1. For the range 54-87, which positions are among the hydrophobic types (A, V, I, L, M, F, W, C), more than 22 Å from Lys213 (Cβ to Cβ) and under 23 Å from the mean Cα position of the chain (by Cα)?
2. Given the conditions (1) at pLDDT 95 or above; (2) on the phi > 0 side of the Ramachandran plot, and given that Gly41 satisfies all but one, which numbered condition is not satisfied?
3. Could you check how many residues of the range 203-226 are out of contact with any Ser or Thr (no Cβ under 8 Å at 6 or more places or on another chain), more than 21 Å from Pro171 (Cβ to Cβ) and part of a loop (DSSP other than H, G, I, E, B)?
4. Would you point out which residue out of Leu148, Leu167, Leu93, Leu155 is closer than 30 Å to Tyr56 by Cα, touching a residue at least 24 places away in the same chain (Cβ under 8 Å) and either open to solvent by 10 Å² or more (accessible area, probe 1.4 Å) or aliphatic (A, V, I, L, M) (or both)?
5. Six or more apart or on different chains, Cβ under 8 Å: which pairs go from a residue in the range 238-259 that's open to solvent by less than 50 Å² (accessible area, probe 1.4 Å) to one that's aromatic (Phe, Trp, Tyr)? Could you list them?
6. For the range 23-50, enumerate the residues that are within 20 Å of Asn285 (Cα to Cα) and open to solvent by less than 30 Å² (accessible area, probe 1.4 Å).
7. Report whether or not Ser270 is among the hydroxyl-bearing types (Ser, Thr, Tyr), under 23 Å from Leu72 (Cβ atoms) and in contact with a Cys (Cβ under 6 Å, 6 or more places away or on another chain).
8. Working only within the range 101-121, note down all residues that are over 19 Å from Pro150 (Cβ atoms) and either among the small types (Gly, Ala, Ser) or open to solvent by less than 40 Å² (accessible area, probe 1.4 Å) (or both).
Amino acid sequence: MLIEKFGVERWMDLYETKCQFNLAETCVDSLTLEELLDLCGQKNILNDLLNMRLTYGDILGSKRLRGAVSKLYQTIETEHVLITHGAIGANHLVYETLIEPGDIVVAVHPTYQQHRSIPLCFGAEVRLLNLTSENNFLPDLEELESILTPGTKLLALNNPNNPAGSLMDRPLLERIVRIASDCGAYILCDEVYRGLDGAGDGFTVSVVDLYDKAISTGSMSKVYSLAGLRLGWLASRAPGLIEQVVNHRDYNTISVGMIDDYLAALALESRDKVLARSQAITRNNRNLLTSWVNNQPLIHWTPPISGTTALLKYDLDMPSWDLCVKLVEQTGVMLCPGSALGLEGWLRIGYACEAKVLAKGLALFSDFLAKSASSSSLLTRA
């Protein structure tokens, strides 16, 4: 089975363990185990772990963890939740279960590459709904209606959006649901950044609470700062869907790790404290990044509303891959080239690291931009 190279992952693999200032990272600054236990008020878990028999455990995920996940939604019960190896595993399982050769899948672009490449490799016709800066990287509903034709199997969304940081609010989601419902399409909404909105409690409504053929995927990686657990989920009230997915999951997962399951449940049971930390980091850093952009004549953007990433449009005559290679090799600052996302002329920045890392990385990037612009000006005059 042929599949496209995963642009972002191939880029990250080149430099993420070598750079000094990782501004390509999309997870909120990762927690240590000690920090997690402090936040949860659970320093004395050693007896639980020492007495844990390391079997396969609950095949679908522990009832404790699935119950904790269900509380992130309004209409989801424990039996509507399936635990997976990250949201990446959840997304793959949905496509593997639902998509057959010749099916039509509509996916927003830009988004996480899974939502284009996996259905393509399964033989689907993938129609892209392009998100543009002119429309604040939100779906154009007239265009959506024109390409989401009767018989479309699935509409793939990403809310909040990676890489743009845009956010579909409840009224917009309700209109999208009506369009999908008229066609009988499933909606798969990758919601791994849900909980990091810039205001209020941080949570926009999930599409699964608006539509009975919707599927939400999420994980412990981004919002909850626990990517090392490699643990995610899918949630859906679609009749029979969980059972269908379980049939596929039996062939590639069996179960997640028992210690991972235990720690994820612990974190979600104390999600208010974990989220307060994550929201403080992202909201403070979003302000820092906004101030920096406002003082950069070579950088333009649509300010992010949620999540941990933003897109930067740059005014330099240089391919984004070349720019990012020069930047990281000369300064130690790592960004993600837009070409890895199918967006040449743009850069993706992740701003959920430690504030001091972000501040230093931006300062070095400022110097790099100034020197690059000066060098370009000299070459033009010559």
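The values are calculated or read from the model by the stated rules, or taken from the named source; none is laboratory data. Just so we're clear, the structure is a prediction, and the values are computed from it rather than from any experiment. Note that each Cβ is placed from the backbone with ideal geometry, even for glycine, and that neighbours are counted across all protein chains shown. Ligands, DNA and RNA are excluded from the accessible area calculation, which covers all protein heavy atoms including side chains. Shrake-Rupley method; radii C 1.70, N 1.55, O 1.52, S 1.80 Å.
1. Answer for the range 54-87, where residues must be among the hydrophobic types (A, V, I, L, M, F, W, C), more than 22 Å from Lys213 (Cβ to Cβ) and under 23 Å from the mean Cα position of the chain (by Cα): Leu65, Ala68.
2. All conditions are met except number (1).
3. 2
4. Residue meeting the stated conditions: Leu93.
5. Ala238/Tyr186; Ser255/Tyr56
6. Leu23, Ala24, Thr26, Cys27, Val28, Leu31
7. So Ser270 fits the description; yes.
8. Within the range 101-121, Val108, His109, Pro110, Thr111, Gln113, Gln114, His115, Ser117, Ile118, Cys121 qualify.
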